[in-house]
1. For B:Pro109, which of the numbered conditions (1) in contact (Cβ under 8 Å) with a residue 12 or more places away in the chain; (2) farther than 21 Å from B:His286 by Cα fails to hold?
2. Only residues that are within 30 Å of A:Ile177 (Cα to Cα), within 12 Å of another protein chain (Cβ to nearest Cβ) and among the hydroxyl-bearing types (Ser, Thr, Tyr): list them for the stretch B:84-135, please.
3. Taking the stretch A:218-250, which residues are among the hydrophobic types (A, V, I, L, M, F, W, C) and within 13 Å of chain B (Cβ to nearest Cβ)?
4. When only residues in the stretch A:148-182 that are closer than 24 Å to A:Val86 by Cα and touching a Lys or Arg at 6+ places or on another chain (Cβ under 7 Å) count, which is farthest from the other protein chains (Cβ to nearest Cβ)?
5. Restricting the search to the stretch B:142-168, which residues are at the interface with chain A (Cβ under 7 Å from one of its Cβ atoms) and within 18 Å of the chain's Cα centre (by Cα)?
6. Filter the stretch B:179-200 down to the residues that are within 7 Å of another protein chain (Cβ to nearest Cβ) and part of a strand (DSSP E or B), then identify the one that is nearest to A:Arg342 (Cα to Cα).
7. In the stretch B:14-57, which residue that is part of a helix (DSSP H, G or I) and of a type in the set (Val, Ile, Thr) is farthest from B:Phe82 (Cα to Cα)?
8. Whether any residue in the stretch B:95-118 is in a strand (DSSP E or B) and surrounded by fewer than 24 Cβ atoms within 10 Å (Cβ to Cβ) is what I want to check.
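The numbers here are math on the coordinates, done by the rules we state, and not lab data. Computed from a predicted model, the values in this text were never measured in an experiment. Note that we place each Cβ from the backbone using ideal geometry, even for glycine, and neighbour counts take in every protein chain shown.
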Amino acid sequence: MNQPNIIKKVQPILLIFAWVGMSFQAIAQYELRMPDPLAGLSRKEKKELKNQASSFYNASNSSVAQAAESTVTLYYQDSKICYGTVVTSVAFSQPVILTKWSEIKNICDHIVAITSDGQALATTLVGVYPDHDLAVISSDNRANQLKPIKFSSAAPLSLGSFILLAGPDGDVESIGIVSVQARSLRDGDKAYLGVMMDFDKGAQGVPLKKIMPGSAAAKAGLREGDIILAVDQDDLSGAMEMRTLLQRLQPGSNIVVTYQRGKQRKKTNVELGSLSENSTIRRVPQERMNTMERMGAVPSNIRTNFPSVMQSDMPIHPRDAGAPVTDLDGEFTGIAIARGSRIKTYIIPARTIQMLLSEKPQVPNMALTKSNTGSKSPLQLSAEKPLDQVRRLLGKSRSPQDKNQENILKIQKALEKLRLRDKNKP
Amino acid sequence: MTVVAVMISEPLGAVPRPQDISQLKSLEQKVTGVVQKVLPATISLFSTKNGASGSGVVVSKDGLILTAGHVVRGSDEMTVIFPNGKQAQGKVLGANYTRDIAMVQITDPKPTFGWPHTSVGKAHKITTGDLVIALGHAGGYDPVRTPPVRFGRMIARGLDQFISTDCTLIGGDSGGPLFDLRGNIVGIHSSIGELLSSNNHASIEGILEDWDKLKKGDTWGTLGENSMLDNPDAPVIGIITGMPTDKGISIRRVFEGSPAGEGGLRAGDVISEIANKPTPDLRTLHIVIAQHRPGDIVKIRLARGNDFLTRNITLGRRGDILRKGNR
């Protein structure tokens, strides 16, 4: 449900775009057979679409009420950086906040958290789960004001289930569906045999064009020209099938490969390696994908290589990362971690979060020197007129203007405290 | 006229608007139900010969596939991959490039219970605000993931039987199916614009109109040069083709500064041979061009009035022709 979100949150911008767009794009787009779809609609139809979008938000608002109490907004100076989710962890006696590590990395000692009930809390970084791009921050002595999210034991969601981003005001900030079930995005989690397959379909099996030196295939004695007939019990009808089968296996697992060499039918045991680089048949050219990923969306700086994420078509801004996501029953589904592209947002599933919280995170100092998430410096961020930015961002939500001012005052107070604290440090 | 009258008289209140959680849940149930039913039939298509790739949907037990015209262009055979990883060979049947629709037939022997498929169903004309579900192998086939599902509604109807929705699409989705909440196919993904609400699909109405011709193997029409989902690196000569004649393929327009223009081709010429291969139909022309790369020189034999001419043409890139403003 992408349009509803756009229409609700940035309708003025959208309409301006549509109007300006008409003046110089209309002719070209007519010839392109790709008219701006909204430009062709009557006012009545546009209103219908807008009301329809609102109906989805209004009907689902009550579902996020509880989770939203655990949503905090993180500020650096006057800028909203991203959201956070309050959780309890075995490693900490008080509730802590989970947020997107790469967004706060360079400013982690100066973050102010505004709770859903409007408290401004000074925070410090206390841990990092670098693989998941998650940071744990804590509010020194006022953690009792934080309301941790409740984990549920509900069954996993089906593909197509509706999910909701719980904004700190208790409103649904974005709606999407489950597009793809949780998976690892890391190539290292895919098995690798180390052969170049002939993708032109032969009569039977998959001919091998090349064996990578030192690979699992080489170690198992496979040679160029061998024709793979089966992997374990599965007969193969082509290279794509074989590639799929292999990538779905775990690195380190053992398979029996049946192959033909000359007139002989042979078998060999292979211990699979790990896919270190992209496979040879690449799909849509990367340059073109890069352009398309940004069409109508701002992707997060860190948006890949997550060990476990669910994919949704929910449209979010990179600064919406860190917020809790729920299903229609209000059960905690996961934490939004990145806008991936035009079509996708990644969400770390609640189950993964729960597992992480049962282990100790990395000590911040180590993570700071070790990890190389390469995020955009927040100083660069704040260079783009912070006050305008915060107004624009807050303007997106339903908060009235005076509430923004109130928040800004609170942040300034909290920052003042931080400065005092820093001064008192040896 | 009757269609127009019906559309006007239809109450706008028909736009689905959930009022509470229970109504949202019943919508959700429809979405998850449709996805479960149609996902196994949402296939990926690619050509080992020219690297073309996209998505499609199997619509019969026998393995008839609907896809986009620009996905099959230049291919006579394509590899079909099902979400469960099974692969099969497909033969390209017909295509209407103007509507960006095409058919492919799986040629491998049919499994005992037929290929996973979904039926076209009774297509009812969807209107602005109707809820829809899109599937497709976004970014290309990925073994560790099922084709991503997206949800949205119809925004508007365009020319040439195209419809736009806010189900977001990206490269690799082309040719994939759009469904209504009853699980009927209502469109085939074609192109995108800058806005999240600009995702364009060939509507089922156009497909049903052209069904018999497509199945018979006819290839006709002109692709919009616009599609962001299309491959800018594909080789082109830079013409809009007209009707096939008994001498070959007629040229309706030659793009300024294109390889065809530089090489002296003109509107009205008829292409009878390319690279020493006769061109009785559009598909043959596309296949021969797709076997080359931009920069290759191909010999084209032309009929111009009563004369026969031969011209050498240096193939260009689709993306470059676009950049010159030839739209």
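1. Here B:Pro109 clears every test but (1).
2. B:Thr127, B:Thr128
3. Residues satisfying the conditions are A:Val231, A:Leu236, A:Ala239, A:Met240, A:Met242, A:Leu245, A:Leu246, A:Leu249.
4. Step by step, filter the stretch A:148-182, then rank; the result is A:Asp169.
5. If the condition is that a residue be at the interface with chain A (Cβ under 7 Å from one of its Cβ atoms) and within 18 Å of the chain's Cα centre (by Cα), then B:Gly158, B:Leu159, B:Asp160, B:Phe162, B:Ser164, B:Thr168 are the ones that fit.
6. So the residue we want is B:Ile192.
7. Taking the candidates together, the pick is B:Ile21.
8. Yes - at least one qualifying residue is present in the stretch B:95-118.
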